[in-house]
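Since the structure comes first, as structure tokens, the remarks are kept for the end.
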Amino acid sequence: MARINLLPWREARREELKRAFLSILGLVAAMAVVLVMLADRVVNAQIDNQRARNEYITTNIRVLDKQVEEIRDLQRKRNQLIDRMRVIQELQGNRPIIVRVLDQLVRTVPDGVFYTSVSARGQQLSIDGVAESNNRVSSLMRRLDASDWLKEPNLDAVRAAPAYGDQANTFDLTVQVDLPQADEDTGG
């Protein structure tokens, strides 16, 4: 039998397998570095995309906040206009009543009495005036009480007024405005 030494061949084969292993190991390491870099770029791209989306949403939220503020301002202005319209409508509706009340005040004034001021607060009229005598003030109060539009005359004060005559008096009285039922039902 012949003697064959297989050790150098095995050593060469082992060196060749070792080189192949190291080259595969280097290739795998390079692939791993490339994969890590690619994953990093993908994640960074997703982060940038999400930031852009967040910025877009933030910008639109600011625009919508401005629009909401404009809407609130418009609603406030609308409510103010509605309130003004309501006041104007009330004044328009009360205009005939005011004319009637003033007409009743003129019709109820007896001779020898004149008004120095008339003021209204709600449904109450305050009247200041001058009368030739106490009888004229009494006559005025009876006429006011008999009126369809005025009720409950209340004499607050009577003072002597010698500047207008010997028996002249100044007076302060209040009277309530009373709308007749028929006029309220028909609207005026």
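Please compute one quarter of the surface area of the Cα convex hull for segment 10-104 and express it in square nanometres.
Projected over every direction and averaged, the Cα hull of segment 10-104 covers 8.3 nm².
Mind listing the phi-derived Karplus ³J(HN,Hα) values for segment 174-179, rounded to whole Hz, using 6.51, -1.76 and 1.60 with θ = phi - 60°, and x for any glycine or proline?
With the stated coefficients, segment 174-179 comes to 10, 9, 8, 7, 10, 7 Hz.
Going toward the positive end of the dipole of the chain, with +1 on Lys and Arg Cβ and -1 on Asp and Glu Cβ, which of GLN75, ALA168, ASN60 do you reach last?
Highest projection toward the positive end goes to ASN60.
Under a 5 Å amide H to amide H cut-off, with H placed in plane at 1.01 Å, what residues pair with LEU150 once short-range neighbours are removed?
HN-HN under 5 Å from LEU150: ASP178.
Any idea what angle helix 134-146 forms with the longest principal axis of the chain, computed on alpha-carbon atoms, 0 to 90 degrees, nearest 10?
50
Is the shape of segment 112-155 rounded, prolate or oblate, going by the alpha carbon gyration tensor and its root eigenvalues a ≥ b ≥ c, with a/c under 1.5 for rounded and a/b larger than b/c for prolate? Spell out each step's value before the answer.
On the way: a/c = 2.45, a/b = 1.29, b/c = 1.90.
Verdict is oblate for segment 112-155.
Can you give the alpha-carbon Rg of segment 112-186 over 2.2 N^0.38 Å, where N counts its residues?
Working: Rg = 13.7 Å, N = 75, 2.2 N^0.38 = 11.3 Å.
With N residues counted in segment 112-186, Rg over 2.2 N^0.38 Å equals 1.20.
Per residue of segment 51-66, what does 6.51 cos²θ - 1.76 cosθ + 1.60 with θ = phi - 60° give for ³J(HN,Hα)? Whole Hz please, x for Gly and Pro, Karplus curve as stated.
Karplus values, whole Hz, x for Gly and Pro: 4, 4, 5, 4, 5, 4, 5, 4, 4, 5, 5, 4, 4, 5, 4, 4.
Ratio to report: Rg/Rh of the chain, with Cα atoms as the point set and Rh obtained by the Kirkwood method; give two decimals. Let's see the in-between values first.
On the way: Rg = 51.7 Å, Rh = 26.4 Å.
Here the Rg-to-Rh quotient is 1.96.
Quick check on the chain: helices-only [θ] at 222 nm, where DSSP H runs of length 4 and up contribute -39,500 (n - 2.57) each and the sum goes over total residues. Nearest 500, please. Please list the in-between numbers first.
Numbers: 3 runs with 121 residues, N = 188.
Rounded to the nearest 500, the figure is -24000 deg cm²/dmol.
Using amide H atoms built in the peptide plane, which far-off residues or other-chain residues are under 5 Å from SER133 H to H?
Under 5 Å from the amide H of SER133 lie the amide H atoms of ASN169, each far enough along the sequence or on another chain.
Where a number appears in this text, it was derived from the coordinates with a stated rule and is not lab data. Note that this is a predicted model, so its numbers are computed, not measured. Here Cβ is always computed from backbone atoms with ideal geometry, including for glycine, and neighbour counts include all displayed protein chains.
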